[in-house]
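The values are calculated or read from the model by the stated rules, or taken from the named source; none is laboratory data. Because the structure is a prediction, the values reported are computed rather than measured. Every residue, glycine among them, receives a Cβ derived from its backbone with ideal geometry; neighbour counts consider all protein chains shown. Accessible surface areas use protein heavy atoms only, side chains included; no ligands, DNA or RNA. Shrake-Rupley method; radii C 1.70, N 1.55, O 1.52, S 1.80 Å.
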2 protein chains.
Amino acid sequence: MQITHIEHIGIAVKNLDEAIKFYENVLGLKCYAIEEVEDQKVKTAFFLAGQTKIELLESTEPDGPITKFIKKKGEGIHHIAFAVKDGLQKALNQTEEKGIQLIDNQPRQGAEKMNIAFLHPKSTNGVLIELCEKEE
Amino acid sequence: MQITHIEHIGIAVKNLDEAIKFYENVLGLKCYAIEEVEDQKVKTAFFLAGQTKIELLESTEPDGPITKFIKKKGEGIHHIAFAVKDGLQKALNQTEEKGIQLIDNQPRQGAEKMNIAFLHPKSTNGVLIELCEKEE
């Protein structure tokens, strides 16, 4: 697999509006998009810091993955997304061949029209890792 | 404060050698440096992914902050470090003036000869945020 950069860092928050204030007013970053991703039961807010985005995630459902994460670990950093080139499906296949457990066997659509897939944190020292690639 | 990019993402691991294998053999990143930071009671391993580094952190002491973190939350993403320009001390002062609790009131030396300071996660939606700047 060829990783080009860290596409974004996902952060689980209880209240998107409150969290946006911190990133804008204290860190001086600018929220450039807010998007709901129904498939993942989240509302997201995006900021750009150099090459990498900060993606704040607020749950839209009481049974959503972000609600569960916050109940278990509290608010905080949820996942890292690495941008891959030369094919996300190929990267997933290679990863599985190396004995890594996948959450997604094939890409699905995430925020910002990216194709995304998650690796299982059991296989990655507790880090929820997303691999992603811009739609062709 | 002016953030230029995400300098690194710190990841708490139990066993540095095992974790390095995952980042090298599965993700295809290259460990370019291993460094012990006595002040923080950690041994670190660095990888570059585009503009941002992955910093793996293994505790060197049973009472170190990484040991405590892993006991409480398990292995996983520990902190995000934002690179600032125009002065780290100035950025800290501005942050405190905005009511954010600091861990470090003034910069101290981190890995890779960076000046670093942490904000308290109580003030930042549970995210341990490091601000850093290259030594002049």
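A few comments on the model shown:
- Rough spin-label spacing in nm, given labels placed 7 Å along Cα→Cβ, for A:Lys14 and A:Lys113: 3.7 nm
- Residue-count net charge about B:Asp104 - beta-carbon cut-off 12 Å; Lys, Arg +1, Asp, Glu -1: -2
- If the chain linking B:Thr60 and B:Asp104 were pulled fully straight, counting 0.36 nm for each residue of separation and taking away their Cα-Cα distance, it would gain 13.7 nm.
- Counting every C-alpha pair in region A:45-125, the share spaced more than 19 angstrom apart comes to 48%.
- Here the relative contact order of chain B, from alpha carbon pairs under 8 Å that lie six or more residues apart, stands at 25 percent.
- Label geometry 7 Å along the beta-carbon vector: B:Lys68 inter-copy distances in nm: 3.1
- With a simple spin-label model that places each label point 7 Å from the Cα along the Cα-to-Cβ direction, the separation between B:Lys30 and B:Gln94 comes to 3.6 nm.
- For chain A, built as a Gaussian network whose Cα springs stay under 10 Å, the top-fluctuating residue of A:Pro62, A:Pro121, A:Pro107: A:Pro62
- Buried between A and B is an accessible area of approximately 3100 Å², summed over both sides with a 1.4 Å probe.
- Helix B:88-97 axis, angle to chain B major axis (alpha carbon atoms, nearest 10°): 60 degrees
- Model label sites at B:Asp86 and B:Glu38, defined 7 Å from Cα along the beta-carbon direction, differ in position by 3.7 nm.
- Normalised radius of gyration (Cα atoms, divided by 2.2 N^0.38 Å) for region B:93-136: 1.16.
- For chain B, built as a Gaussian network whose Cα springs stay under 10 Å, the top-fluctuating residue of B:Gln101, B:Gln40, B:Gln51: B:Gln51
- Once C-alpha pairs closer than 8 Å and six or more residues apart are averaged by separation and normalised to the residue number of region A:1-74, the relative contact order reads 33 percent.
- Local net charge near A:Thr44, Cβ-Cβ under 9 Å (Lys/Arg +1, Asp/Glu -1): -4
- Using Cβ point charges alone (K and R +1, D and E -1), the dipole size of region B:69-124 about the Cα centre works out to roughly 180 debye.
- Formal net charge of residues neighbouring B:Ile70 (Cβ-Cβ distance under 11 Å; K, R +1; D, E -1): +3
- Binned Cα-Cα distances of region B:56-101, short to long, each 10 Å bin given as a whole percent: 23, 32, 31, 14
- With label points defined 7 Å past Cα in the direction of Cβ, position B:Asp39 shows copy-to-copy spacings of 4.4 nm, given to one decimal and shortest first.
- Between copies, A:Asn93 shows label-point distances of 5.8 nm, shortest first, with the point placed 7 angstrom from Cα along Cα to C-beta.
- Alpha carbon convex hull of the protein assembly as shown, projected area averaged over orientations, nm²: 13.4 nm²
- With the largest listed first and rounded to whole Å, the semi-axes of the equivalent ellipsoid of chain B from the Cα gyration tensor are 25, 17, 13.
- Cα centroid of region B:63-80 to Cα centroid of region A:20-91, whole Å: 21 Å
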